[in-house]
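Every number in this text was worked out from the coordinates using simple rules, so none of it is lab data. In this text the structure is predicted, and so the values were computed from the model without any measurement. Ideal geometry is used to build each Cβ from the backbone, glycine not excepted, and the neighbour counts take in all protein chains shown.
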Amino acid sequence: MDDNSYRGHERDVPSGNMPDEFDRMLGVLDGVSTATQGATVPVVPTLGIGGTRKFIIQTIRHEGKDHLFIEMIGRERSFREYLPPAVTDVIARQHSALSTRNRRAGARRAAATRRAQGIVPEFTPEMRAKALKTRRAKAAKRRARRERRKQ
């Protein structure tokens, strides 16, 4: 099988065009950053509609920022996409926010269950003092972050 027989990826097709953003960023970050090995994730539709697709995902961290490279190979079409740090930061922030919401909801359900069972939490004065100290420290950090953003 020669190099031109498989045309599933545009990088396999010889062309006089400049490399796309995916290739440029991969080349720039190669060797100067920490990278994960590409993870291959086959996705089989649950209802059998649409055909099986394969995703190859690789993350490269450069100067504390994550760069995400995604390739999708399907029966009908394939694509490659580069997600810059601004996008990966939003994804990470949203993931963290959802995790926090789920953790809070679970804690509320657990507290309600304990109340229904008649279990009353016992807070010692030391525990209350520690909680107050933590709340004040977090509030000070939030104020400092807001001030940095304003500048």
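How many percent of all Cα-Cα pairs in the chain sit more than 21 Å apart? For the chain, the fraction of Cα-Cα distances above 21 Å is 70 percent.
Annotation for the stretch 43-87: trypsin sites (Lys or Arg not before Pro) lying in DSSP loop with at most 15 further Cβ atoms inside 10 Å of their Cβ are Arg75, Arg77. Under a straight-distance cross-link criterion of Cα-Cα below 27 Å, which lysines are reachable from Lys65, leaving out those fewer than 8 residues away in the same chain? Answer for Lys65, where 27 Å is the Cα cut-off: Lys54, Lys138, Lys141, Lys150, listed by chain and number. Counting 0.36 nm for each residue step from Met72 to Arg148 and taking away their Cα separation leaves a gain of 23.4 nm. Calculate the length of the line joining the C-alpha centroid of the stretch 93-151 to that of the stretch 65-81, in whole Å. First find each Cα centre; the distance between them is then 38 Å. Given their separation in residues at 0.36 nm each and the Cα-Cα distance between them, Ala111 and Lys54 gain 16.3 nm when the chain is fully extended. Select from Ala97, Thr52, Phe123 the residue farthest towards the positive end of the dipole of the stretch 36-151; place +1 on Cβ of Lys and Arg, -1 on Cβ of Asp and Glu, and compute about the Cα centre. Checked the options; the winner is Phe123.
About the centre of its Cα atoms, the stretch 7-130 shows a dipole size close to 1020 debye [charges on the beta carbon of Lys, Arg (+1) and Asp, Glu (-1) only; nearest 20 debye]. Between His95 and Ala139, full extension at 0.36 nm per residue minus the direct alpha carbon distance yields a gain of 13.6 nm.
Count the net charge of all other residues whose Cβ sits under 11 Å from the Cβ of Glu21, scoring Lys and Arg as +1 and Asp and Glu as -1. Residues near Glu21 contribute -1 overall.
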